[in-house]
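Participant: Here it is, the structure in full.
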Amino acid sequence: FTYSYSDDAYVKVHAVANANKAYIMLMNFATSGSTVVDLKFPYGMPAVSEVVERQLYLYERPRNREEKRQKLERGGYMRWSNATLPGVPKKITLRAEGMSVLEFKYKNPMTELGKVERTRHYMTRIEARKQDVDYPVEIEA
């Protein structure tokens, strides 16, 4: 994973990369309007041979009977689009409840400087010394 963030509470960003490609996934959780996202690369962007943008969004129309029965806030059809961009974009427009995935293909493979190791710890049992333990267990933060 690559460090990424958004200062907009409705926009979520995830970025992953390896020596040959990078992906940035942007999701807009707002239920109305579009959001313009500025893409900033504080350490620069290596030369790319191709940038592809894939979008998934709702093509809105009035709700039909089934959508009303399901109590959906908005009616419409899911749309998918692909576009090859002329270069690294400075801004991306995200539609309401839409998602964009940017794929960057590097001209030259990058050197991988290290690796990230992750561990996950799962609780398998709780030992109570003097009293019975009820689930769920409250955890003090």
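The values are calculated or read from the model by the stated rules, or taken from the named source; none is laboratory data. Small disclaimer: the values here were computed from a predicted structure and weren't measured. Cβ placement follows ideal geometry from the backbone for every residue including glycine, while neighbour counts extend to all protein chains displayed. Protein only, heavy atoms only, side chains kept; ligands, DNA and RNA dropped before computing areas. Shrake-Rupley method; radii C 1.70, N 1.55, O 1.52, S 1.80 Å.
Participant: Residue by residue through the stretch 63-97, note down the ones that are in a loop (DSSP other than H, G, I, E, B) and open to solvent by less than 80 Å² (accessible area, probe 1.4 Å).
Facilitator: Asn64, Leu72, Arg74, Gly87, Val88, Pro89, Ala96
Participant: Look through the stretch 14-34, keep the residues that are open to solvent by less than 50 Å² (accessible area, probe 1.4 Å) and without any contact (Cβ under 8 Å) to a residue 24 or more places away in the chain, and return whichever of them is nearest to Ile92 (Cα to Cα).
Facilitator: This residue is Ala15.
Participant: Please specify each residue of the stretch 1-13 satisfying the condition of being open to solvent by 80 Å² or more (accessible area, probe 1.4 Å) and outside any loop (DSSP other than H, G, I, E, B).
Facilitator: Result: Lys12, single match.
Participant: May I ask you to list the residues in the stretch 35-62 that are in a strand (DSSP E or B), in contact (Cβ under 8 Å) with a residue 24 or more places away in the chain and either of a type outside the set (D, E, K, R) or loosely packed, with under 11 Cβ neighbours inside 10 Å (or both)? I'd like the intermediate steps shown before the answer.
Facilitator: From the stretch 35-62, those in a strand (DSSP E or B) are 35-38, 48-61; that's our starting set.
After this cut, where a residue has to be in contact (Cβ under 8 Å) with a residue 24 or more places away in the chain as well, the list is 35-38, 48-58.
Hits for the stretch 35-62 are Thr35, Val36, Val37, Asp38, Val48, Ser49, Val51, Val52, Gln55, Leu56, Tyr57, Leu58.
Participant: Go through (1) over 17 Å from Val16 (Cα atoms); (2) at pLDDT 95 or above for Glu60 and report which single condition fails.
Facilitator: (2)
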